Every structure is written in C-alpha cells, then in structure tokens.
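Q: Pasting a structure here, questions to come.
What follows is calculated from the coordinates using simple rules that are stated; it is not laboratory data. Remember, it's a predicted structure, so these values are computed and weren't measured experimentally. Heads up, the Cβs are rebuilt from the backbone with ideal geometry, glycines too, and the neighbour counts pull from every protein chain shown.
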Amino acid sequence: MKRILLSVFLIAVFAAYVAFHHESATTVYALPSLAGEKKIVPDGDSNGVRLDAVPGRPDAIPPRSFADGEYTGDAGVVYYGNVRVKALIQDGVLVALQFLEYPHHHPTSMVINTRAMPLLQAETIRTQDADVDIVSGATFTSLAFSDSLTSALSKAAKPR
C-alpha cells in the first residue's frame, strides 16, 4: 500500500512539473524599443520583418555596399533541422530577413525558435552584418542562422 501511495504521489508531482514547465516555456518575450534606433515591425508575414525609420534618425543603419534584390542563403545545418534565410536588400541596405527553414517539428524547437528568430532578425538588420551575438538557449539555431545569412550576404556583396 505504501508503494502504491508513493507511486501515485510521484506521478502527481511529475504531472504538476510538466504542466508548470509547459506554461513557462510558452512565454513569448517582446523586443525592447531602443530610442534612436530603427524600429522593427511585422510585415504581415510571421517570418519577415520590415523597418520603419524612427523620426530624426535616418542614419541609424550604416550604409553597406549590397546589390539590391532578394538573396537566399545556403542551409545552415543544425542537429534538429536546417536553417535557411532570405535577405531583402533595398538601396544597398539589408531591410528584411525571412526564415525559409528552421527547426519546428518539436514543441521545444518551436518555443526556442519563436523566441530566437525575432532577436536574430532585429540584431542583423541593426548591424547590417551576419556576425551577431548568439541567442542564449538557441546556440545551434544562432550559428546556423549566421552561416545561412553569411551565404546570402556574400551573394549580395557588390564587387569592389
């Protein structure tokens, strides 16, 4: 009888842990708005972003020598799947990124990438470079993102 009660108790504790962990893992964090920076806003496509200039700061993004167009990077290989991005260049500036592929077949991957993708997009557009900081908890996605974006931006680079 003691073993049955102990087993029921352990199962109940485990079930409570799983329920709590699931609730806390689905929290989505908003990006902070930085004064004097470009503002990132959704473009209607959940995988892309566009820029709206912040008044008084038309120079927030440094000019680059990219050729205008859309450039798809090679797939960055991750243990859980591939990461592939498409970069949109307008007036020589990277203005939008879209995730064409990313790991999303497992609930944990969905939670991780839902949090990491907007951060990677915003940082890349802000810096105009593929060398962005790794998002904590999304190391593999961040590295594969950087690989794919490096490939896309190398296709967009104007010859000197």
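Q: Evaluate the distance, in nm, between pseudo-label points positioned 7 Å from the Cα of K2 and of S154 along their respective Cα→Cβ axes.
A: Distance between the two pseudo-spin positions: 6.6 nm.
Q: Residue by residue through segment 130-138, which ³J(HN,Hα) values in whole Hz follow from phi under the Karplus form 6.51 cos²θ - 1.76 cosθ + 1.60 (θ = phi - 60°), with glycine and proline marked x?
A: 7, 8, 10, 5, 6, 7, 4, x, 10
Q: Amide H of G76 versus every other amide H placed in the peptide plane: which residues, excluding those fewer than 5 positions away on the same chain, fall under 5 Å?
A: Here the answer is V83, R84, S148, since their amide H atoms fall under 5 Å of that of G76.
Q: Also: Please give the contour-minus-distance gain from L100 to F14: 0.36 nm per residue of separation, less the Cα-Cα distance, rounded to one decimal in nm.
A: 27.3 nm
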